[in-house]
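First up is the structure itself, then whatever we jot down about it.
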Amino acid sequence: MEKAEGEEDEKEAEAIQYGMLEKVGELAQRAATAKARPAVPECLCCQITFDLLKEPVLTPSGQTYEREALEQHIAANGRWDPVTRQPFQAGDLRENTAVKELIRDFLEQNPWAFNA
């Protein structure tokens, strides 16, 4: 009887070890996948929020920001560029279509970045 119990304990221990090895393998695979992902280029990120741009706008000084973040900055601080401190008028902001297209291309090649 003791021999049967010992064999059962051994089988249970092996099953636990096997399960742990599977989990370690899964974690290693996730880590390898995460390392393989390129970082989001800084030029595609807002300089205020540091998030991927969705609606990039260009200031007269040549800086690109997320529209909503820049509008919040303007409401809180006035009409000046957060990086260069140069003042601008309401009509001076332009949609940055070049950056918008770069973002679209980047997201097509890196769909994981939608959640980044």
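The values are calculated or read from the model by the stated rules, or taken from the named source; none is laboratory data. Given the structure is predicted, the values throughout are model-derived calculations rather than measurements. Here the Cβ is made from the backbone with ideal geometry for all residues, glycine too, and neighbour counts use every protein chain on show. We work out accessible area using only protein heavy atoms, side chains counted, and drop any ligands, DNA or RNA first. Shrake-Rupley method; radii C 1.70, N 1.55, O 1.52, S 1.80 Å.
Six or more apart or on different chains, Cβ atoms under 7 Å: show the pairs whose first residue is in the stretch 45-63 and free of Cβ contacts under 8 Å to residues at least 24 places away in the same chain and whose second is of a type in the set (A, V, I, L, M) and open to solvent by 50 Å² or more (accessible area, probe 1.4 Å). Every condition considered, the pairs that remain are Q63/V83.
Among the residues making up the stretch 67-81, those that are open to solvent by 30 Å² or more (accessible area, probe 1.4 Å) and either under 19 Å from T97 (Cα atoms) or in a loop (DSSP other than H, G, I, E, B) (or both) are R67, E68, E71, R79. The residues of the stretch 88-116 that are of a type in the set (F, W, Y), in a helix (DSSP H, G or I) and surrounded by 10 or more Cβ atoms within 10 Å (Cβ to Cβ), listed by number, are F106, W112.
Counting only residues that are closer than 18 Å to I48 by Cβ and hydroxyl-bearing (S, T, Y), the stretch 80-116 holds 1 of them.
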